[in-house]
Structures are given as structure tokens and as C-alpha cells.
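Student: The structure follows.
Read-outs: derived from the displayed coordinates by stated rules, not from any lab. Remember, it's a predicted structure, so these values are computed and weren't measured experimentally. As a convention, Cβ positions derive from the backbone with ideal geometry for all residues, glycine included, and neighbour counts pool all protein chains shown.
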Amino acid sequence: MMKYLSIIRNCKVAQRWSFSHATCALSPSPSFSSKWNCKRLMVRRLGTDIPTEDRNYYITTPIFYVNASPHIGHLYSAVTADYLHRYKLLQGFNSRFATGTDEHGLKIQQAADAAGQDPLSFCTKVSERFKHLFKSCHISYTDYIRTTEERHRCAVEHFWTVLQSKGFIYKGNYEGWYSTQDESFLTPSQVGDAKDSSGKEIKISLESGHKVEWMIEENYMFRLSEFRSRLQEWLEGNPRAVQPERFHHAVLQWLQEDLPDLSVSRQRSRLQWGIPVPGDLDQTIYVWLDALVNYLTVAGYPDTHSQWWRAAHHVVGKDILKFHAIYWPAFLLAADLPLPQTIHVHSHWTVGGKKMSKSLGNVVDPLERSQRFTIDGMRYFLLRQGVPDTDCDYDDDKVVKLLNAELTDSLGGLLNRCTAPSLNPAQVYPHFCSDSFPSQGTEAHKGRAVDEDYHMLDAVRALPAVVEQHYESVHVYKALEAINRCVRQTNGFVQRHTPWKLGSGDGRDQLWLDTILHVSLECLRMYGTLLQPIVPEMADKLLSRLGVKPEEKSWAALDFLVKYQGKDCPFEGRALGPDTGVLFNRLERPNAEKGKPKKAKKATKVKS
Ligand code: MSP
């Protein structure tokens, strides 16, 4: 049955995508207009043809441990889920976006003890810090869950009872390694030798480097070992269930190894801070089982979850992949619930090549950085620089260089040039003249556009599909790279035709000047629309400056340069929006500039 459902699901997705990509790919050398039509059809299909239940989209972040304050890695998980949510909304989906805090378990119990606070007040304080960070960074979650909430306790108890009633939980003896830091049980092959700071021999988890301890306890076990082949079938039948591909392979590889039953409770005497096992107050539910169920709680489990649960997608860091791609699907299979549609995995942010940690003193504070580099600046940097497949090193200097180059100079410079009163005194969206920029082919030689201009149109026309493909697969850096490449091409177009030399009053020159500006503003409209999920505030500023109305900012409005098709352009002749200043202010380099006499540098000014 599962296999059948996944085939149907895959077919629907394939249908949806084949419409956009296959149609384009099938035409041998698609002309501007045939590629154009392909894109229009796809947008229309997304807008109307998808059954309502398939228009639901439910994206989650992992819920964050409250043992310490948020850092840049946490913000990265949240920004990744946030752009997916915003992107889906722009496409016309009903999207729901859940985040929150993971508040139970030994690690939190110990952190609260160390802080001399009762666990709940401790959790509340840190949970508020995450909430504050997310609100400050425009993380547009629709649901914020704390595992200490009553609704969650009910969901976990129900889930446990279902697993137990189906015979997947039994009482047994666990004897093995446990890492409190990771809240994880480990097999002997996952453990190695190390020395602590005082030179004492200790055992550590080979994966995380965290200390492990031997524990012997009577507790409840989950029959994980029974799920190996069903998990393999799921992954093999859904090659895009875990993305990127290398993590999909990693999970399949783990499934070839030892898969012992999993301990899913701890003795209450050791762990009080958690949800008691229903019917056995001497045991506390394992924090990962408790935490994973948060995704169902938000969806309305156990009463009203099915509508949203079928549309669930998770964003997770690579350190918690095993919990999400093995334990979680096994629990869900045991409970007869559908599996998540996608698990989007990302790698880690390091500092100076080392993992961020309090003890190394290299933790990057996301709130402070978003104040220094702006919220959109930080969002853009994380998504532009973060590569899901490999770890990325955080460096303030890199942030400044990247943002100054791509947002201040390239994009901001283009907007500034094309809206400057010296070139556009009437402050309107200028007219496009097809005699100046005729359709490619026989007419082209009569106009003033050159080959590179036609190449630029092709690139910008193709951009929405390229961006969509990379947004879908969470290769955001590739989408932003593609946008940035087009922005450079548009800057090249303006530079090539020196519109500031055309305003001499000659009628033909004026038509060409207007056409250059019209094409450039159309390009900017594309970039602004596509960038909304990444830098919402800045994209809004850009689109508002172009005079784009709120209802014209959706994905369906990604119709590029319709005048080139001989159709009416709703923007032509419309007043531009008010000039609210530089799109993205130039940032000072952190240390390199210190001590040097400062040369005042402004955002790129229009050449006139
Ligand atoms: N509480 C668990 C998740 C339970 S989900 C049912 C947890 N919490 S965490 O606070 O440690 O991590 C939350 C997210 O932040 C994870 O996706 C993790 O990968 C991510 N990051 C933590 N440190 C990170 C970096 N240095 N870089 C990037 N992301 C990392 O795990």
C-alpha cells in the first residue's frame, strides 16, 4: 500500500514538473517565445490544476535544545525552512511552517540544575530567546511549539500508546553507551577512545566527539530492528526523500549496518524532566521520541493531523539525520502514519574550520550579526554561502565582501542606475519600443539591440525555472548564483548601451533609452520577485520602488517582458514607487579597515 501511495505521489510530482522541464527540454532549440510559453503554462498549472489537498505544504525546522542560546547554525536551519515556506506561499500553496524548542531530557535537566533554576523557568527563558531571534530575523513561522506544552504531552502519550498497542514496544534491558550531549544511544562501533581536558581516558562518540557513558537500565525498547527492509523500500522507492543525494546514500548505508532495537525510555530515578511513560510512572519517555512527535502535534495529532501530515517536509542538520531518516520513519511506520515527503539535510557552519562551541569561545551570535549586517544581509549571506553538501566556514569579512559586491554594487547599483531622475525624469516605468529591440531573427538587424542583449533576455526568461529547480532542491546558493549572474548581465547591458548619453532629445534615441530602461526594470522585477523568499524586506523595497502592487508580487506574475511578445505590459507608463533610499547600504569591513584612514565610500551612484 505504502509503495502504491508513493508511486502515485511521485507520478503527481513528475506530472507537475514534466510540464515545466520536459516540455522545455523536448523542444530542440527552444526559441525565446516557446520557452516563454512553457513557463507561462507551468505557472497556470500551479495556480489552478493542482487538487486542493496537494496544495498544502507543511515545513518544519528541528526543535531547538534550550540548554544554550541560539547561534548562527540554528538560524541557518530556521532561515532555510523560512525561505521554503515563503516560496511555497508565493506559488499559491497553503503553507504551514513550524518551529519551536526541545525542552525535555537529561541535557536540559542538567543545564537547569547547573543554572540553579527550576527546569520549566529555565526552558521558558531560553525558548523566549529563540522566539525573539526568529521574530527579529523575520522567520515567518505559523506555529511555535514547546515540548513542555500540554497539547504535546497528549500527542506523545497517544503516540506511545499506539506503538505499544501494536506490539512494537516491550520491556527489556538496555546495556550500552549513551551520550547525554547528543541524547543518543550508541553501538560499540560508534564509540572511540579519547582524553578529556585533565588527561583522563574517556570514551567518545566517533561522530560528534561528545563523551559517552556506559549505562545499564531496565527500560522500554522499540522494535527498530523489524523495520530495516521497510525503510530500505521507502528510500529506494523515493530517491528524493532524503536530499541532497549523498545523505540519501548515507542513510541506506547505515541501514546495511547493525540496527538494534532502540531504548525509548529512561528510568525516572535518572531522568525526571520528561513525559512519564503512560501506565508506568517509573519510566520517562526517551527525549528523541518525545521531540520527534512535535511535528505531529503541530499538525493536530491525534485528532486532525491527516490534512497537514500528508504534506510534511523537514529541514534538519546532518548531525540529526539518523534520528529523522531512521528512527522517525520507523516510529511512523509502526504507528501506521504516512512518512514525511522530504527530509532536507544541511551541513554545518564552522568558525576557523572548527565546530562552534561555547568552550572554544567561537560561537557566532546571530542577533548581534543581524544587527550589524542587517537581517536581510544575514539571511542572504547564510543562504548564498551555505552549501547543503559540505560544511561552511563563517567569517565576518566574507559577509561584508559578499554583501557589498552582490547587494550594494550589483543589484543596488542596477536599481539606482535605472530609476535615477537624471535618466528617468518622469519617474515612470518607461515604454518598450519593438523597433529598437525587435524580435530575434530577421528583424533583429533593424534594431539597436546586439547579440549579447538577446542572450541576456534568454537568461532572464529562463531564470524562474532555474531558480525554482534550485529552491526545490534546497540548493539555494545555486539559485542565488544564477540570479547574481543575470544581474551582472543586466548591468552589462546598461553599461554597453550607455543610456546616460542618449537623452539628447533625438526621438529615436529617446525611444531606445526608454527601451533600455524598460528592459532593465523588467529584469529587476524578475530579480525582486524571485528574491522575496530570501530577503523579504529588501525585495519588497525593490518591487515597491518599481511600482509593483502587492498582488503583482506572486510567482504567477513572473511574466517577463511581455511587450517583446507584442502583448500589453501592465507596468508601462505607470508611476514608479517612492525613492526610499539606497537598496542595501555598503558595509564597513570589520578589522581590515581598522587603523587605516577611512575613505568615505557611498553606494554606487548613477553615471550621468
Ligand atoms: N533538539 C534536537 C532536534 C530535535 S528535532 C525533533 C537538536 N537541537 S539542536 O539545537 O542541537 O539543533 C537544532 C538544529 O540546529 C539542527 O538542525 C542542527 O543541525 C542545527 N545546528 C546546530 N549547530 C549547527 C551548526 N554549527 N551549523 C549548522 N547547523 C547546526 O538537535
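Student: Per-residue counts of other Cβ atoms within 10 Å, averaged by peptide: what ranking do you get for 519-531, 573-585, highest first?
Tutor: 519-531, 573-585
Student: Give the aspartates and glutamates reachable from residue 354 as a straight Cα distance under 19 Å; neighbours fewer than 8 places away on the same chain don't count.
Tutor: Candidates past the 8-residue exclusion: 182, 196, 207, 319, 365, 389, 391, 393, 395, 396, 397.
Student: Further, regarding this structure: Would you mind working out the magnitude of the charge dipole of the chain relative to its Cα centre, with +1 at each Lys and Arg C-beta and -1 at each Asp and Glu C-beta, to the nearest 20 Debye?
Tutor: Its charge dipole is roughly 1960 debye.
Student: What pairs in 171/355; 501/541; 135/567 have C-alpha atoms more than 31 Å from each other?
Tutor: Pairs exceeding the cut-off: 171/355; 135/567.
Student: Now, a different point. How many angstrom separate the Cα center of the stretch 420-497 from the Cα center of the stretch 509-541?
Tutor: Here the answer is 9 Å between Cα centres.
Student: Return the long-range amide H neighbours of residue 265 (sequence gap of 5 or more, or a different chain), with a cut-off of under 5 Å between placed amide H atoms.
Tutor: Amide H to amide H, under 5 Å and 5 or more residues apart or across chains, residue 265 pairs with 220, 286.
Student: Each residue of the stretch 294-303 in turn: what ³J(HN,Hα) in whole Hz from Karplus with 6.51, -1.76, 1.60 and θ = phi - 60°, glycine and Pro shown as x?
Tutor: 4, 5, 6, 3, 4, 6, x, 4, x, 9
Student: Work through the residues other than residue 547 whose Cβ is under 10 Å from its Cβ and net out their charges, Lys, Arg +1 and Asp, Glu -1.
Tutor: Spelling it out: positives minus negatives among the neighbours equals +3.
Student: Rounded to the nearest Å, what's the spacing between the alpha carbon centres of the stretch 261-332 and the stretch 81-152? Just the number, please.
Tutor: Here the two parts' Cα centres lie 16 Å apart.
Student: Additional query: Report the one residue of 527, 437, 68 whose Cα lies farthest in the direction of the positive end of the charge dipole of the chain (charges on C-beta: Lys and Arg +1, Asp and Glu -1; origin at the Cα centre).
Tutor: 437
Student: Could you check the spin-label model distance between residue 223 and residue 255? Points 7 Å from the Cα along Cα→Cβ, value in nm.
Tutor: Going by the 7 Å Cα→Cβ label model, 1.9 nm.
Student: Report the charge-dipole magnitude of the stretch 182-291 in Debye, nearest 20, computed about the Cα centre from +1 at each Lys and Arg Cβ and -1 at each Asp and Glu Cβ.
Tutor: With Lys and Arg at +1 and Asp and Glu at -1, about 180 debye.
Student: Note down the magnitude of the dipole of the stretch 395-575 about its Cα centre, charges +1 on Lys and Arg C-beta and -1 on Asp and Glu C-beta and zero elsewhere, to the nearest 20 debye.
Tutor: 300
Student: Which whole-Hz ³J(HN,Hα) couplings does the stretch 79-86 yield from phi under the Karplus relation 6.51 cos²θ - 1.76 cosθ + 1.60, θ = phi - 60°, glycine and proline marked x?
Tutor: After applying 6.51 cos²θ - 1.76 cosθ + 1.60, I find 5, 4, 5, 5, 5, 4, 4, 5 Hz.
Student: Would you work out which of 564, 363, 407 lies farthest towards the positive end of the dipole of the chain, given +1 charges on the beta-carbon of Lys and Arg and -1 on that of Asp and Glu, about the Cα centre?
Tutor: Checked the options; the winner is 564.
Student: First measure r as the distance between the Cβ atoms of residue 142 and residue 303, then evaluate 1/(1 + (r/R0)^6) with R0 = 25 Å and state the FRET efficiency to the nearest 0.05.
Tutor: 0.85
Student: Same structure, new question: Using only the alpha-carbon atoms, how far is helix 536-545 inclined from the longest principal axis of the chain? Give it as 0 to 90 degrees, nearest 10.
Tutor: Once rounded, the angle reads 20 degrees.
Student: Using alpha carbons only, what's the Rg to Rh ratio of the chain with Rh from Kirkwood?
Tutor: 1.03
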